[in-house]
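Shown next, in structure tokens, is the structure this report addresses.
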Amino acid sequence: MSRQNILLTVLPPAWPNMPPIGLGYLQAFLAQKGIHADILDFNHVFYTLSDHQLQRQWLVSCNTLLEENILSRIEEHNSREFHDTREKMLNYGIIGFSCFKSNFETTLRMAELLKSKKNTMKIIFGGPEITRQFFKTDGRFHNTLLQAADYLIVGEGEIPLYHYLMGNNNRKKVATFEQLHDLAGLTFPFYRGIDLNVYPRKNTIPLQFSRGCIRRCNFCSERLLYKNFRTRPINSLIDEIRHHKTANKTQYFVFYDSLINADLKKLEAFCDNIIEHFGSIPWEAQIATRNDMTIKLLEKMKQSGCFSLFVGLESGSDTTLKHMNKGFTAADALSFFNNLHTAGLFFGISIIVGYPEETEQDFQNTLDFIIRHKDIIPQIAQMNPFTYYDGTSADETADYRANPTARKRMEIIVHEMKRHKIKHTNAFIGNLIEK
């Protein structure tokens, strides 16, 4: 089966600003095994063909109206390109689709269309949405999905995709969390066949230092994507940065890790290597509140080029933080923020309001925390009412769709942020609310 033409692709709408790192890893892994696979980023293709108004809608998270209608809009306004895309896909014997919640309906429809034209084609679905569907249906999946795809990959993709292509998993419909034991031999993405210079975020590449998370926040679905935490060797990461700086003139690097500071020794070694080999490179990442991080390490992050961090505070109430299983208190967070401030590191925080069992006093504690420490916190990077995700241990009945108090509290914080002139990112205020 591996001798057939293989395509890895992602359909719209998905985040279009950078190349698809997941497909890049799959392509590189297969190449290491002697299997060639093409990547065609059809999400980016149709994003660039769209007018400014549609591109703006594309960047709106949870835009369900767009998600349901984008395929018909593309077919109507870019009929020739849509036809060419379909014909390109029909040239392949196997297609692997990267599925997100945003492009899930589009992917299902395209798979059905392709199968109607070429019933011998093998369709593989993977990505975060397939893992979400696994938890949503207790592993049974809906018939629509089972009929659309020949093979479903839950969790990490490299091992199960390789086994399927080699004919080892042909009798299985679903692969569940068949992941790499470690990342020591994992080849970084080269994105062969993709022009990295055409993406909206210019001269920027996504990176992945680790997979998984050491925290167990009750509300977080991202931690469900992997069964355990693993890191890549630092020399491989340095080689990847060097390659993209040389071959693609890449200047900026964005880490897709759940948290960059899970392993403090490796983080420090990474910073040391960046300083040694490059002096510094502009990089950004997500980071967890940890008061065992020294000022020296934070300053080394700054020296290595770190220019922006995203911190999941979520609440200023100790009671709510405990319910969330965040692993720190509001005082811990303030101490950590002060250390980031001292080291000269810019950061933004995220807030969740209306979390299960959040009282009026808990909410007021969060609001007071934000206002009281506005000179220490550079930016509110994201804020949303509590949103339930399948597979998590949080209370589904408290989801904002059934809890109008959550949205009301978000409106109060937004009003107070404006009144107190607290900096915030408008695009990520309520960005998880379905439009």
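The values are calculated or read from the model by the stated rules, or taken from the named source; none is laboratory data. All values derive from a computational prediction rather than experimental measurement. Please note: Cβ atoms are built from the backbone with ideal geometry, for glycine as well, and neighbour counts cover all protein chains shown. Please note that ligands, DNA and RNA were not included when accessible areas were found on the heavy atoms of the full protein model with its side chains. Shrake-Rupley method; radii C 1.70, N 1.55, O 1.52, S 1.80 Å.
Checking each residue of region 145-166 against the condition of being exposed (fewer than 15 other Cβ atoms within 10 Å of the Cβ), within 23 Å of the chain's Cα centre (by Cα) and at pLDDT 95 or above gives no match.
Restricting attention to region 126-139, which residues are surrounded by fewer than 24 Cβ atoms within 10 Å (Cβ to Cβ) and within 24 Å of Leu66 (Cβ to Cβ)? Selection gives Pro128, Glu129, Arg132, Gln133, Lys136. Checked against (1) at pLDDT 95 or above; (2) open to solvent by less than 60 Å² (accessible area, probe 1.4 Å), Gln32 passes all but condition (2). In region 193-211, the count of residues that are within 19 Å of the chain's Cα centre (by Cα), of a type in the set (S, T, N, Q) and open to solvent by 60 Å² or more (accessible area, probe 1.4 Å) is zero.
Among the residues of region 97-125, those that are under 30 Å from Leu59 (Cβ atoms) and open to solvent by 10 Å² or more (accessible area, probe 1.4 Å) comprise Ser98, Phe100, Lys101, Ser102, Phe104, Glu105, Leu108, Arg109, Glu112, Leu113. Counting the residues of region 167-182 that are assigned to a loop (DSSP other than H, G, I, E, B) and surrounded by fewer than 17 Cβ atoms within 10 Å (Cβ to Cβ) gives 9. Residues in region 229-257 that are open to solvent by 30 Å² or more (accessible area, probe 1.4 Å), more than 18 Å from Glu276 (Cα to Cα) and in contact (Cβ under 8 Å) with a residue 24 or more places away in the chain: Phe229, Asn248, Lys249, Tyr256. In region 397-418, of all residues being free of Cβ contacts under 8 Å to residues at least 24 places away in the same chain and among the acidic types (Asp, Glu), the one that is least open to solvent (accessible area, probe 1.4 Å) corresponds to Asp399. Applying a threshold of 8 Å to beta carbon distances and a minimum spacing of six or more residues, or different chains, the list of pairs starting in region 39-59 at a residue that is open to solvent by 20 Å² or more (accessible area, probe 1.4 Å) and ending at one that is among the small types (Gly, Ala, Ser) and not in a helix (DSSP H, G or I) reads Leu40/Gly193.
Here is a yes/no grid of residues against (1) within 27 Å of the chain's Cα centre (by Cα); (2) assigned to a loop (DSSP other than H, G, I, E, B):
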| position | (1), (2) |
| --- | --- |
| Lys326 | yes, yes |
| Ala331 | no, no |
| Leu334 | yes, no |
| Gly348 | yes, no |
| Asp362 | no, no |
| Ile433 | yes, yes |
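Go through region 102-153 and give me each residue that's in contact (Cβ under 8 Å) with a residue 60 or more places away in the chain, polar (S, T, N, Q) and in a loop (DSSP other than H, G, I, E, B). Answer for region 102-153, where residues must be in contact (Cβ under 8 Å) with a residue 60 or more places away in the chain, polar (S, T, N, Q) and in a loop (DSSP other than H, G, I, E, B): Ser102, Asn103. Against the test of being under 26 Å from the mean Cα position of the chain (by Cα) and among the basic types (Lys, Arg), the options Arg419, Arg401, Arg409 yield a single qualifying residue, Arg401. In region 364-396, the residue that is nearest to Arg215 (Cα to Cα) out of those that are in a helix (DSSP H, G or I) and free of Cβ contacts under 8 Å to residues at least 12 places away in the same chain is Glu396. When His424 is tested against (1) at pLDDT below 95; (2) crowded, with 20+ Cβ neighbours inside 10 Å, only condition (1) is not met.
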